[in-house]
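A.B. asks: Could you have a look at this structure, given as structure tokens, before my questions?
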Amino acid sequence: MLAGLSGLSGPAAPTATSVFWLHHGTRLADGDTTYLNHYVLVRAGRAFGACAFEPGEVDAAVCAEASGRPLADLLRAGPLPLRLAALDACLARSLPHRDDPRAEAVPLPAGTPQERALARDAAVAGLLDIPPGAKVALIGVVNPLVAAIRERGGECLPCDLNLRTTRWGDPVTADMDEVLDAADAVVATGMTLGNGTFDEILRRCRLRGTPLVVYAQSGSAVARAFLGSGVTALSAEPFPFSQFSAETTTLYRYRAEHEA
């Protein structure tokens with residue numbers, strides 16, 4: 001990770017070309033759940049960094065306050081989601097996913113939000129190497145990913161701070177400890193990086209030897225830095241995310257060759 005943070009000082013130090021804030025709602029055609037997501041994004045030249053956040057954590061005024069400032073400044077102070085987005089931009093600027101020799105590029109087909117969500121979540125679930133009946137903790141619930149885990153023979157243990165049931169009526173716990181204790185494998189969203197829970201998930205998975213798959217729009221380049229050091233596989237989706245386009249876009253899948 002440190003290699004991606006070199007060159008942050010001096011006259012040629014990178015700046016946040018633009019900082020922007022998104023509030024996005026989605027309801028898929030066959031579902032009854034409206035997903036409400038907030039993102040703060042930092043652009044540094046050709047790279048974007050992103051982090052989702054809970055309502056109230058970041059104010060839209062950050063766009064005026066942070067745009068044009070050195071990336072090093074954004075890393076030092078401010079809300080955690082902004083600092084995470086700035087770090088993500090630094091690491092993506094140093095090594096874009098498209099140029100990483102470890103990455104498997106997976107095109108998501110042009111289509112409706114439902115079609116694209118199904119393709120994305122099938123690609124994420126494809127990173128799971130589990131026997132039938134394995135218990136898979138899903139920390140950060142989207143219904144198509146619940147379905148994709150089940151299609152691979154897993155028993156999904158859903159955990160989310162905002163949802164209380166899946167579209168099939170399965171209870172969703174807000175207690176991360178509950179699912180981590182029971183899981184044979186863990187799938188966690190990149191938002192755990194921005195809300196401060198990732199460190200504990202990583203620690204527990206390392207302690208128990210539990211495979212950890214991260215699916216990241218938030219902090220995709222940050223999560224990549226832990227590949228082979230607790231993170232066993234990663235689905236990295238840099239901005240613009242699949243839900244913001246009806247055209248073909250690309251996510252990048254990584255698998256750790258070994259655990260450090």
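A.B. asks: Considering only the stretch 76-103, state which residues are part of a helix (DSSP H, G or I), over 18 Å from the mean Cα position of the chain (by Cα) and modelled with pLDDT of 95 or more.
C.D. replies: The answer is Asp99, and nothing else.
A.B. asks: Looking at the stretch 16-35, which of the residues that are in a strand (DSSP E or B) and under 17 Å from Ser242 (Cβ atoms) is modelled with the highest pLDDT?
C.D. replies: Among those residues, the one meeting the criterion is Leu22.
A.B. asks: Please go through the stretch 123-144 and give me each residue that is part of a strand (DSSP E or B) and crowded, with 18+ Cβ neighbours inside 10 Å, ordered by number. Let's see the steps before the verdict.
C.D. replies: To start, the set of residues in the stretch 123-144 that are part of a strand (DSSP E or B) comprises 135-139.
Selection gives Val136, Ala137, Leu138, Ile139.
A.B. asks: Please go through the stretch 66-97 and give me each residue that is open to solvent by less than 20 Å² (accessible area, probe 1.4 Å), among the small types (Gly, Ala, Ser) and under 25 Å from Leu251 (Cα atoms), ordered by number.
C.D. replies: Ala85, Ala86, Ala89, Ala92
A.B. asks: Right, next: Got a sec? Which of Arg204, Arg150, Arg116, Arg120 is surrounded by fewer than 16 Cβ atoms within 10 Å (Cβ to Cβ) and of a type outside the set (S, T, N, Q)?
C.D. replies: After applying the criteria, what remains is Arg150.
A.B. asks: Kindly indicate whether Ala13 is open to solvent by 20 Å² or more (accessible area, probe 1.4 Å), among the aliphatic types (A, V, I, L, M), over 18 Å from Ser220 (Cβ atoms) and modelled with pLDDT of 85 or more. I'd like the intermediate steps shown before the answer.
C.D. replies: Working: open to solvent by 20 Å² or more (accessible area, probe 1.4 Å): yes; among the aliphatic types (A, V, I, L, M): yes; over 18 Å from Ser220 (Cβ atoms): yes; modelled with pLDDT of 85 or more: no.
Taking the combined requirement at face value, the residue does not satisfy it.
A.B. asks: Filter the stretch 145-189 down to the residues that are assigned to a loop (DSSP other than H, G, I, E, B), over 16 Å from Leu36 (Cα atoms) and touching a residue at least 40 places away in the same chain (Cβ under 8 Å) and list them by number.
C.D. replies: Across the stretch 145-189, the qualifying residues are Ala183, Asp184.
A.B. asks: Within the stretch 190-205, work out how many residues are part of a helix (DSSP H, G or I) and of a type in the set (Gly, Ala, Ser).
C.D. replies: Taking the stretch 190-205 and keeping what is part of a helix (DSSP H, G or I), we get 191-194, 198-205.
Within this subset, residues satisfying the condition of being of a type in the set (Gly, Ala, Ser) are 194.
Matching residues across the stretch 190-205 total 1.
A.B. asks: Here is a further query. For Cys63, only one of the following conditions fails: (1) open to solvent by 20 Å² or more (accessible area, probe 1.4 Å); (2) touching a Ser or Thr at 6+ places or on another chain (Cβ under 9 Å); (3) at pLDDT 95 or above; (4) not aliphatic (A, V, I, L, M). What is its number?
C.D. replies: All conditions are met except number (3).
A.B. asks: Follow-up question, since we're still on this one. Of the residues that sit in the stretch 219-253 and are out of contact with any helix residue (DSSP H, G or I) (no Cβ under 7 Å at 6 or more places or on another chain) and assigned to a strand (DSSP E or B), which one is nearest to Asp99 (Cα to Cα)?
C.D. replies: Thr250
A.B. asks: Follow-up question, since we're still on this one. Do we have Glu54 as within 15 Å of the chain's Cα centre (by Cα), charged (D, E, K, R) and open to solvent by 40 Å² or more (accessible area, probe 1.4 Å) here? Let's see the steps before the verdict.
C.D. replies: Values: within 15 Å of the chain's Cα centre (by Cα): yes; charged (D, E, K, R): yes; open to solvent by 40 Å² or more (accessible area, probe 1.4 Å): yes.
Yes; evaluated as a whole, the condition is true for this residue.
The values are calculated or read from the model by the stated rules, or taken from the named source; none is laboratory data. Values in this document were obtained by computation on a predicted structure and should not be read as measured data. For neighbour counting, all protein chains shown are included, and Cβ atoms are generated from backbone atoms with ideal geometry for every residue, glycine included. Ligands, DNA and RNA are stripped out before the accessible areas are found, and what is left, the full protein with its side chains, is counted by its heavy atoms. Shrake-Rupley method; radii C 1.70, N 1.55, O 1.52, S 1.80 Å.
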